[in-house]
Amino acid sequence: MTDYFWRNLIETSLHAEEGDISCGECKSTLDQYVDLLDSGQDPILILPKLAQHLETCHCCFTEMEALLTAIHAAAPSEE
Ligand SMILES: [Zn+2]
């Protein structure tokens, strides 16, 4: 086995740990995520951990959708 193999293995496991946030952490940053999304920015670039969590956690994804809907409902309508 080469050094490269081990370095790669260590880096992979570090990244997995880094990207692993809890639902509590997710929900505390969720309004920020929705704000970015709503202003046309890419939250995946700014909050990659959160984006990753939303991909794997249906519960938080549903909450994110609800927040997004609430923002649009609160915004003054053009009609
Ligand atoms: Zn979650």
Diffusion coefficient, µm² s⁻¹, Stokes-Einstein with Kirkwood Rh over alpha-carbon pairs of the stretch 20-66 at 25 °C and 0.890 mPa s: 237 µm²/s
Of the listed peptides 56-67, 35-46, what is their order by residue-averaged count of other C-beta atoms within 10 Å, with the highest listed first? 56-67, 35-46
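The numbers here are math on the coordinates, done by the rules we state, and not lab data. As the structure is a prediction and not an experimental result, all values here were calculated from the model. Positions of Cβ are generated from backbone atoms using ideal geometry, with glycine treated the same way; all protein chains shown enter the neighbour counts.
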